[in-house]
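S.K.: Below you'll find the structure I mean.
The values are calculated or read from the model by the stated rules, or taken from the named source; none is laboratory data. Small disclaimer: the values here were computed from a predicted structure and weren't measured. Note that each Cβ is placed from the backbone with ideal geometry, even for glycine, and that neighbours are counted across all protein chains shown. Please note that ligands, DNA and RNA were not included when accessible areas were found on the heavy atoms of the full protein model with its side chains. Shrake-Rupley method; radii C 1.70, N 1.55, O 1.52, S 1.80 Å.
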Amino acid sequence: MADLSGKRAVVTGGTKGIGRAICERLIADGARVLTCGRSQSGAAAGCEFVTADVATTEGVETVIGAAQSRLGGFDILVNNAGIQIEKTVAAMSDDELDRLMGVNCGAVFRMSRAAIPFLRDAGGGVILNIGSISADHADPQMAAYNASKGFVHALTRSIAVDHGADGIRCNAVCPGWIMTEMAGAAFDLADDPAAAERDAVTRTPAGRMGRPEDIAAAISFLSGDDAAFITGQCYVVDGGLTAVTPLRPNLF
């Protein structure tokens, strides 16, 4: 467990799934946490909340302002907010593309852009992004989502390179199959969702689906001083799923 006593964290999209688990873990590790969303429902106990849409510049300014007024600033930014639209390139409309990219790419970029001056002036800090194994191993019928996570990985490396001299570290955590509403929606694309989920477990050396707490643990570590020399990296947390050859799907 990382000691985050005295640290202040901003977590976007922290009212459910992975985001809520991250808020709970950072609070348990001693940090003060502010999160945002369209509704406060589901926010973790002890977590500050502000209503904001971080896909917009106005929403980002609201979150940054709330962090300054309620926490006195922040040391950690976790860009967790994201959405998923289960369509191929040919089936996706312009409105759907703009909505997905606005959250998955635009919000990460805008929040990071707004956070960097504050972190630099404070002598440094940490930016952590939620990427995905889907950036490198495309999930069927989720073309724009897959592409958006590739953007997140590339942006993570650029922030690390451009702002390391400012004392800012930037890394991404790349989940595999984590049991959330978004994962359930992806399984629902299969002819037999239950069979698809069983197959995912069979292909995972760890022998189970991931839990939001697994991702929160990685975020906690990368937030702390033990990760002081780690930056520009995309950490895969998938129970070994992407390490397995597709020629042996029933090995486990």
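S.K.: I'm trying to understand the selection: among the residues of segment 71-94, which are under 23 Å from the mean Cα position of the chain (by Cα), open to solvent by 20 Å² or more (accessible area, probe 1.4 Å), modelled with pLDDT of 95 or more and more than 16 Å from residue 13 (Cβ to Cβ)?
M.R.: Passing the criteria: 75, 87, 88.
S.K.: Let me ask something else about it. Output the qualifying pairs, or none if there are none: Cβ atoms under 8 angstrom, residues six or more apart or on different chains, first residue in segment 6-33 and free of Cβ contacts under 8 Å to residues at least 40 places away in the same chain and more than 20 Å from residue 108 (Cβ to Cβ), second residue open to solvent by 10 Å² or more (accessible area, probe 1.4 Å) and assigned to a strand (DSSP E or B).
M.R.: 32/8; 32/48
S.K.: Among the listed residues 232, 184, 207, which satisfies the condition of being of a type in the set (Gly, Ala, Ser), more than 24 Å from residue 141 (Cβ to Cβ) and modelled with pLDDT under 95?
M.R.: Result: 207 is the single residue among 232, 184, 207 that is of a type in the set (Gly, Ala, Ser), more than 24 Å from residue 141 (Cβ to Cβ) and modelled with pLDDT under 95.
S.K.: I've got another one for you. Does residue 22 satisfy the criteria of being within 27 Å of residue 188 (Cβ to Cβ) and in contact with a Pro (Cβ under 6 Å, 6 or more places away or on another chain)?
M.R.: The answer is no for residue 22.
S.K.: While we're here: If we keep just the residues of segment 145-187 that are without any contact (Cβ under 8 Å) to a residue 24 or more places away in the chain and over 17 Å from residue 108 (Cα atoms), which is farthest from the chain's Cα centre (by Cα)?
M.R.: Of everything passing the filter in segment 145-187, 165 is farthest from the chain's Cα centre (by Cα).
S.K.: For segment 220-247, how many residues are closer than 20 Å to residue 158 by Cβ, open to solvent by 20 Å² or more (accessible area, probe 1.4 Å) and touching a Leu at 6+ places or on another chain (Cβ under 9 Å)?
M.R.: So the count comes out to 3.
S.K.: Write out, first by first residue and then by second, each pair whose Cβ atoms fall under 7 Å of each other, whose residues are 6+ apart or on separate chains, and whose first residue, in segment 188-212, is of a type in the set (Ser, Thr, Tyr) while the second is assigned to a helix (DSSP H, G or I).
M.R.: 204/241
S.K.: Could you list, in sequence order, all residues of segment 176-195 that are surrounded by 15 or more Cβ atoms within 10 Å (Cβ to Cβ), touching a Pro at 6+ places or on another chain (Cβ under 9 Å) and outside any helix (DSSP H, G or I)?
M.R.: Scanning segment 176-195 gives 178, 179, 180.
S.K.: Output the residues belonging to segment 196-219 that are outside any helix (DSSP H, G or I) and open to solvent by less than 60 Å² (accessible area, probe 1.4 Å).
M.R.: 204, 205, 207, 209, 210
S.K.: Residue by residue through segment 108-131, note down the ones that are open to solvent by less than 60 Å² (accessible area, probe 1.4 Å) and closer than 14 Å to residue 153 by Cα.
M.R.: 108, 112, 127, 128, 129, 130, 131, listed by residue number.
S.K.: Which strands (runs of 3 or more DSSP E) does segment 31-119 wholly contain that include 1 or more residues that are under 30 Å from residue 138 (Cβ atoms)?
M.R.: So the answer is 32-37, 76-79.
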